[in-house]
Amino acid sequence: MNSIHRKQLNKLAEIFVASEGELRPHFILTGPSGSGKSFEIAKLADTHEVAFHEINAAQLTKEGT
């Protein structure tokens with residue numbers, strides 16, 4: 001994940017924390033397998049002390065997408 005995307009995700013986490021949970025951001029991260037999507041989001045959630053729930057859609061569809 002490049003630094004621009006990391007900064008954007010970090011900003012989103014900061015806004016959520018500042019809103020005291022009034023905002024409920026939901027978003028989808030896409031990218032190739034092994035690119036660090038889950039790792040980055042889990043790290044940001046831990047840094048900002050917010051909940052993180054991962055749903056792997058590949059396990060929900062026949063095609064794996």
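Suppose the chain between residue 47 and residue 10 were pulled fully straight at 0.36 nm per residue; how much longer would it get relative to their current alpha carbon spacing? This chain segment gains 12.4 nm when fully extended. If R0 is taken as 35 Å, the Cβ-Cβ distance between residue 54 and residue 18 corresponds to a FRET efficiency of 0.90. Estimate the FRET efficiency between residue 62 and residue 35 by the formula 1/(1 + (r/R0)^6), using the beta-carbon distance for r and 22 Å for R0, to the nearest 0.05. About 0.40, to the nearest 0.05. Phi angles across the range 47-52 convert, under the Karplus curve 6.51 cos²θ - 1.76 cosθ + 1.60 with θ = phi - 60°, into 3J(HN,Hα) values of 4, 9, 6, 10, 6, 9 Hz, Gly and Pro given as x.
Read-outs throughout are calculated quantities, based only on the coordinates presented, and are distinct from any laboratory measurement. Here the structure is a predicted model, which is why all the values come from computation and not from measurement. Cβ coordinates were reconstructed from backbone atoms using ideal geometry, including for glycine residues, and neighbour counts include every protein chain displayed.
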